[in-house]
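J.: Got a structure here, written out as structure tokens. Questions coming.
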Amino acid sequence: MRKAVLIGIGLALSALVVWRIGGVPVWLASYRSLLGTSPVSVLHVPVSEQGPEFQQTLPFHEGPFDVMAEDMDGDGRLDLGLVQHAENYFQVYFQKSPRRFVPGLQNKIGGYHPGDLLRLRPDAPYFLLNGEGEGKIFLLEAKNDRLEALGVIPERAPRHAVTFHWPDWGTSIAVSPFHPGYFVLFKHVDPLHPQGIERVPVTLDVQQPSLRATERLTAADIDGDGIEEILFATVNTNEVGVLRYPGKDKPPLPGGLAHFENGGYPSHVAIADLNDDGAVDLVVPDITSPFHVHMLMNDGKGNFSETTPLAFPTTEGIRRFAAARDKDGVNYLFGGGYGALALYRVPPGWSGQGEVPMRQIALADSAGVLDILLADIDGDGWLDGVVGRGAEGDKGVWIVYGPLWEHFGELNNENFVIRR
């Protein structure tokens with residue numbers, strides 16, 4: 001009996017090794033993957049390699065094309081779904097306790113150049129993964145501690161996607177492809193019955209040629225009628241467009257919301273109630289010069305007027321912006337580009353005039369940012385910032401925990417720099 005116990009202890013100790021990330025020891029132990037049955041490593045990653053404990057780096061290779069925060073394993077905590085577009089896989093980092101993440105297996109179900117990963121319904125464990133290079137939209141289910149494919153929707157080069165809700169359409173998705181001039185709606189998206197899904201193409205009236213006329217899509221009720229609109233930016237015409245519910249059995253037709261005379265290729269639309277009047281306002285960043293962050297104020301009926309745009313701290317390019325209201329009741333804008341991250345604190349009741357304070361953190365390399373999130377990741381009620389970096393190496397995800405305004409201030413005071 002004693003011999004058996006000693007052998008068991010020896011095997012347990014031999015299963016533990018020390019790995020180093022940037023000179024920092026990380027304990028590894030055998031663990032059964034939540035996306036399969038093969039053992040993977042549990043990373044007891046130190047909260048910080050250097051700097052304050054409220055920021056953390058996850059060792060994801062070369063940065064994710066898309067970052068999703070959802071409870072993937074049903075334990076009540078948000079996990080991070082990360083898509084590696086160039087190396088053709090996605091991977092879930094499971095949050096097993098606050099701020100401690102366990103990486104699942106690399107999943108290659110999306111094939112060549114996977115795109116967005118998102119949840120289809122809040123009340124069911126159904127997910128969607130765009131397979132850009134495969135010409136398929138994969139419908140997935142989190143089941144038995146893994147993601148299983150339920151079916152596919154054939155579609156040419158699907159890249160970005162968003163869910164939306166229209167009367168009589170059921171669960172629906174809008175998909176932006178890696179091709180110019182159109183995007184596609186799919187109505188009645190039921191992963192258990194993919195044969196009943198209906199495809200509705202939407203042609204964009206774009207005169208100038210472009211690699212992609214529209215990038216990311218956003219769904220929001222901008223006119224207060226209880227029905228979501230689909231919002232998009234067209235990089236080659238410096239416009240924000242909208243697709244409204246057309247009514248029963250009528251084709252949806254895109255229209256315009258705003259045009260920027262001095263725009264620099266707006267790529268996406270973020271939403272926030274900037275002046276606390278209950279209406280959805282729009283935040284639209286430029287990719288290129290003049291590097292503005294356009295602020296569009298809603299009159300409550302879906303008509304927008306532009307205020308003085310915000311400045312970004314570098315002139316190398318803006319990649320992604322997110323907006324959300326925090327635990328303190330204040331709206332925050334979180335943006336990433338080449339050379340910097342920026343956090344803006346919108347004063348309560350802001351009318352569109354007056355200063356919007358900003359704090360920034362420097363990026364040591366010029367690879368910039370691929371994706372960005374504002375969400376309460378660790379469950380303490382404060383917003384956290386998640387950054388999918390574009391840098392080479394194994395520090396692809398950076399997380400800063402809330403309260404963000406105070407923590408950005410501390411990082412500024414310490415001249416903190418995010419390095420490779």
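J.: Just to be sure I understand, how many residues within region 176-206 are in contact with a Lys or Arg (Cβ under 8 Å, 6 or more places away or on another chain), within 16 Å of LEU243 (Cα to Cα) and open to solvent by less than 20 Å² (accessible area, probe 1.4 Å)?
T.: Of the residues in region 176-206, 4 are in contact with a Lys or Arg (Cβ under 8 Å, 6 or more places away or on another chain), within 16 Å of LEU243 (Cα to Cα) and open to solvent by less than 20 Å² (accessible area, probe 1.4 Å).
J.: Name the residue that is farthest from TRP405 (Cα to Cα), counting only residues in region 349-393 that are touching a residue at least 40 places away in the same chain (Cβ under 8 Å) and charged (D, E, K, R).
T.: Only one residue fits best here, namely GLU392.
J.: Moving to a separate point now. Open to solvent by 10 Å² or more (accessible area, probe 1.4 Å) and touching a residue at least 60 places away in the same chain (Cβ under 8 Å), is that true of GLU406?
T.: no
J.: Looking at (1) open to solvent by 60 Å² or more (accessible area, probe 1.4 Å); (2) outside any loop (DSSP other than H, G, I, E, B), which is the one condition that is false for THR315?
T.: That leaves (2) as the condition not met.
J.: Something else now. Residues in region 95-111: is at least one among the aromatic types (Phe, Trp, Tyr) and more than 23 Å from ALA220 (Cβ to Cβ)?
T.: So far as region 95-111 goes, yes, one or more of its residues are among the aromatic types (Phe, Trp, Tyr) and more than 23 Å from ALA220 (Cβ to Cβ).
J.: What are the residues in region 172-200 that are part of a strand (DSSP E or B), modelled with pLDDT of 95 or more and closer than 23 Å to ASP66 by Cβ, if any?
T.: SER172, ILE173, ALA174, VAL175, VAL184, LEU185, PHE186, ARG199
J.: What residue, among those in region 137-148 that are touching a residue at least 24 places away in the same chain (Cβ under 8 Å) and assigned to a strand (DSSP E or B), is surrounded by the most Cβ atoms within 10 Å (Cβ to Cβ)?
T.: Step one: of region 137-148, the residues touching a residue at least 24 places away in the same chain (Cβ under 8 Å) are 137-142, 145-147.
After this cut, where a residue has to be assigned to a strand (DSSP E or B) as well, the list is 137-142, 146-147.
On the way: ILE137: 27, PHE138: 23, LEU139: 22, LEU140: 23, GLU141: 18, ALA142: 22, ARG146: 19, LEU147: 25.
Checked region 137-148; the qualifying residue surrounded by the most Cβ atoms within 10 Å (Cβ to Cβ) is ILE137.
J.: Could you please give the count of residues in region 376-420 that are in a loop (DSSP other than H, G, I, E, B) and among the aromatic types (Phe, Trp, Tyr)?
T.: Total satisfying the criteria: 3.
J.: Now, a different point. I'd like to check which strands (runs of 3 or more DSSP E) are fully inside region 321-373 and have at least 1 residues that are surrounded by fewer than 17 Cβ atoms within 10 Å (Cβ to Cβ) and at pLDDT below 95. Give the derivation first.
T.: Values: elements: 331-337, 340-346, 358-363.
Counting at least 1 such residues, we get 358-363.
J.: If a residue must be open to solvent by less than 10 Å² (accessible area, probe 1.4 Å) and either among the charged types (D, E, K, R) or in contact with a Pro (Cβ under 8 Å, 6 or more places away or on another chain) (or both), how many such residues does region 158-175 contain?
T.: 2
J.: Right, GLY151: at pLDDT below 95, more than 17 Å from the chain's Cα centre (by Cα) and either of a type in the set (Ser, Thr, Tyr) or not in a strand (DSSP E or B) (or both) or not?
T.: So GLY151 does not fit the description; no.
Conditions (1) of a type outside the set (Val, Ile, Thr); (2) farther than 14 Å from LEU231 by Cα, marked per residue:
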residue: ARG244; (1), (2): yes, no
residue: PRO254; (1), (2): yes, no
residue: GLU261; (1), (2): yes, yes
residue: ASP277; (1), (2): yes, yes
residue: ILE287; (1), (2): no, yes
residue: PRO290; (1), (2): yes, yes
residue: VAL293; (1), (2): no, yes
residue: MET297; (1), (2): yes, yes
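J.: For GLU306, are the conditions met, namely being out of contact with any strand residue (DSSP E or B) (no Cβ under 9 Å at 6 or more places or on another chain) and either in contact (Cβ under 8 Å) with a residue 12 or more places away in the chain or crowded, with 21+ Cβ neighbours inside 10 Å (or both)?
T.: The answer is no for GLU306.
Every residue, every condition in (1) among the aliphatic types (A, V, I, L, M); (2) modelled with pLDDT of 90 or more; (3) outside any strand (DSSP E or B), yes or no:
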| residue | (1), (2), (3) |
| --- | --- |
| ILE222 | yes, yes, yes |
| GLY226 | no, yes, yes |
| THR237 | no, no, yes |
| GLY241 | no, yes, no |
| PRO246 | no, yes, yes |
| LYS250 | no, yes, yes |
| LEU257 | yes, yes, no |
| GLU261 | no, no, yes |
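The values are calculated or read from the model by the stated rules, or taken from the named source; none is laboratory data. This one's a predicted model, so the numbers in the text were calculated from it and none came from an experiment. Every residue, glycine as well, gets a Cβ built from its backbone with ideal geometry; the counts of neighbours run over all protein chains shown. What goes into the accessible areas is simple: the full protein's heavy atoms, side chains included, and nothing from ligands, DNA or RNA. Shrake-Rupley method; radii C 1.70, N 1.55, O 1.52, S 1.80 Å.
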